[in-house]
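The values are calculated or read from the model by the stated rules, or taken from the named source; none is laboratory data. The shown structure was predicted, so the numbers you read here are calculated from the model rather than taken from an experiment. As a convention, Cβ positions derive from the backbone with ideal geometry for all residues, glycine included, and neighbour counts pool all protein chains shown.
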Amino acid sequence: MAFQCQRDSYMRELVTSVVSCSPAELQREASGKKETVKGFNVKLLDTVLFPEGGGQPDDRGLIGGVPVLRVTRLGPDAVHFVASPVQVGQEVRVEVDWERRFDHMQQHSGQHLITAVAENLFGYRTTSWELGRQRSTIELDAPSVTPAQLRALEDSVNEKIRGHVPVNVQLLSVDDPAVEKVRSRGLPDDHAGPIRIIDIEGVDANMCCGTHVSNLSHLQVIKLLGTEKGKKNKTNLVFLVGNRVLRYAEKSYSTERSLVSLLKTGPDEHVEAVDKLQKSVKLLQKTNLSLLRDVAVLVAQNFKNNPQRGNFFSLHRKEGDNEFMSIIANEINTEETQLFLTVGEEKGPGLFLLAGPSGRVAEMGPRVLEMLQGKGAGKNGRFQGKANSLARRAEVEALLQQQHTAEGDEQVFQAPANAVTAVTVHSCTRGLRSSLTGSEYSRMARKSTTMVRRMRTMKRHLNLFHTMNFMVLHGLVNQKKDVSGRLRGMNS
Ligand SMILES: [Zn+2]
């Protein structure tokens, strides 16, 4: 395999002809999502677009003005993926995206140099490397690299760059005895053609298919950013070459300036200033949490101490969390009190907790979830989760309250003396709940509540009537007339 880009890595364009063009699909990742692009695979007589290989990513560019989205190697051929077809036999101009390619050349030749010098100086072999988008890494067969070794390595590679050392490409046949002498990580199974040796004069000879600079001076500079722990007994060396060093310095300086203005201190004090800030934020968060817990306890106590509290409690608070709501729920006896708590933005997202008698909570939980566009679950008289929007909070509250009042009064009427009335009201509200929804139900529930209140008054009068009768029967009062008079007095 020897494409024009390998014979002359500096050639930016080439006029050649189209050998084949067939429909194809490309799987690629765009902003974190996998997608399939329909297009065409194009083979050319020759190309200046490098297909990936030797750790170097593939080129981008144009074929007759059509963007090339991917270049892969298939045996002796480079396959170019393009979105629209090009005519077979036609002469086309192939142009390489030079900025991307030259960056790859700098990183790749830089890797050869670092690898060679690390082996020469310390005997650390390179087991693999990766040309990343931002930074590249070399995996060294060494459990660790000391800061002094790192400095010596950086000094040495930059000295060679200053030494203006030529980099030559030699082509050898597979059976040439010289092939045995060069460093190599092996040839791909489908390798075709002569063997390429990248020779950095007096420094290194290495078998490689990549595109390389012709002189080390074209690397400009190498910066070893540091080391990271690699796989077992390996160390990853992080490095930048050439223009990447310049871009990195530019970005670092811009960050530094932003920090100077934010922290109001010089770069030398930045670490100390951020450390101080973080500690004070942690302390504030701790204080804040503890205050929030105290508020929760006070809210619950306040409710419990209110003689007119009833048995429905609802609360919304912008600041709060699940624990805040749990504390309130733990403090208030939810066997008898129904609780509806929310925290978060009034019309925005938040958290909610519904607590109360388990049957009612299990029944109402999913409805609350639906109205708050939330996600959640519940058991044992609690139902909680996240709400996408608390905009319908007031509606939920009204629904729960009506439901609660209606059910509470049902229980009053379940006393044996009023069995018939209780059954009537009970079946009436049950039926309503299953057949009606929303405002219709709310209206009916309100009517039912009024009815229930009237019946409760009647019940009190009935009890009084029975008591009076009992008293007359047992001679505790003289006449029934007295009793009727008293009853009339009660009603007026
Ligand atoms: Zn290489």
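Within the range 32-72, take every residue that is assigned to a loop (DSSP other than H, G, I, E, B) and of a type in the set (D, E, K, R) and give me the one that is farthest from the ligand (Cβ to nearest atom).
Out of the qualifying residues, it is Asp46.
Looking at the range 124-137, is at least one residue under 42 Å from the mean Cα position of the chain (by Cα), of a type in the set (A, V, I, L, M, F, W, C) and within 16 Å of the ligand (Cβ to nearest atom)?
yes
Which of the residues belonging to the range 165-199 are in a loop (DSSP other than H, G, I, E, B), within 12 Å of the ligand (Cβ to nearest atom) and modelled with pLDDT of 80 or more?
none
Going by what's in this entry, would Glu272 be described as in contact with a Pro (Cβ under 7 Å, 6 or more places away or on another chain), farther than 26 Å from Gly385 by Cα and either assigned by TED's automatic domain parsing to the domain that holds Ala394 or modelled with pLDDT of 95 or more (or both)?
no
Looking at the range 272-316 only, could you name the residues that are under 29 Å from the mean Cα position of the chain (by Cα) and of a type in the set (D, E, K, R)?
Asp275, Lys276, Lys279, Lys282, Lys286
Does Val238 satisfy the criteria of being under 24 Å from Val165 (Cβ atoms), under 28 Å from the mean Cα position of the chain (by Cα) and not hydroxyl-bearing (Ser, Thr, Tyr)?
yes
For (1) in contact (Cβ under 8 Å) with a residue 60 or more places away in the chain; (2) under 18 Å from Ser109 (Cβ atoms); (3) exposed (fewer than 12 other Cβ atoms within 10 Å of the Cβ), each residue gets a yes or a no:
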{"position": "Thr137", "(1), (2), (3)": "yes, yes, no"}
{"position": "Ala142", "(1), (2), (3)": "yes, no, no"}
{"position": "Thr146", "(1), (2), (3)": "no, no, yes"}
{"position": "Lys160", "(1), (2), (3)": "no, yes, no"}
{"position": "His164", "(1), (2), (3)": "no, yes, yes"}
{"position": "Leu172", "(1), (2), (3)": "no, no, no"}
{"position": "Asp176", "(1), (2), (3)": "no, no, no"}
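Inspect all residues belonging to the range 262-272 and state whether any of them is part of a helix (DSSP H, G or I), surrounded by 15 or more Cβ atoms within 10 Å (Cβ to Cβ) and either touching a Lys or Arg at 6+ places or on another chain (Cβ under 9 Å) or without any contact (Cβ under 8 Å) to a residue 24 or more places away in the chain (or both).
yes
Step by step: first the residues of the range 94-105, then only those that are of a type outside the set (A, V, I, L, M, F, W, C) and out of contact with any Asp or Glu (no Cβ under 6 Å at 6 or more places or on another chain), then the one that is surrounded by the most Cβ atoms within 10 Å (Cβ to Cβ). Which residue is that?
Step by step, filter the range 94-105, then rank; the result is His104.
Would you pick out the residues in the range 1-55 that are within 30 Å of the chain's Cα centre (by Cα) and surrounded by 20 or more Cβ atoms within 10 Å (Cβ to Cβ)?
Within the range 1-55, no residue meets the criteria.
Is there any pair linking a residue in the range 99-113 that is not assigned by TED's automatic domain parsing to the domain that holds Gly54 to one that is part of a helix (DSSP H, G or I) and away from the ligand (no atom under 15 Å from the Cβ), with Cβ under 6 Å and at least six apart or on different chains, and which?
Listed by first residue and then by second, the contacts come to Leu113/Val157.
When the residues of the range 200-228 are narrowed to those that are part of a loop (DSSP other than H, G, I, E, B) and within 16 Å of the ligand (Cβ to nearest atom), which ends up farthest from Gly55 (Cα to Cα)?
Going through the qualifying residues, I end up with Val203.
Residues being away from the ligand (no atom under 16 Å from the Cβ) and surrounded by 14 or more Cβ atoms within 10 Å (Cβ to Cβ): count how many of those fall in the range 73-92.
The total comes to 9.
Does His112 meet the test of being within 12 Å of the ligand (Cβ to nearest atom), buried (at least 20 other Cβ atoms within 10 Å of the Cβ) and more than 26 Å from Leu69 (Cα to Cα)?
The answer is yes for His112.
May I ask you to say which residue of Arg133, Arg93 is within 25 Å of Gly39 (Cα to Cα) and either among the charged types (D, E, K, R) or part of a helix (DSSP H, G or I) (or both)?
Arg93
Quick one: what pairs do we get from the range 307-321, first residue touching a residue at least 12 places away in the same chain (Cβ under 8 Å), second of a type outside the set (Asp, Glu) and surrounded by fewer than 17 Cβ atoms within 10 Å (Cβ to Cβ), C-beta under 7 Å, 6+ apart or different chains?
Asn311/Gly408
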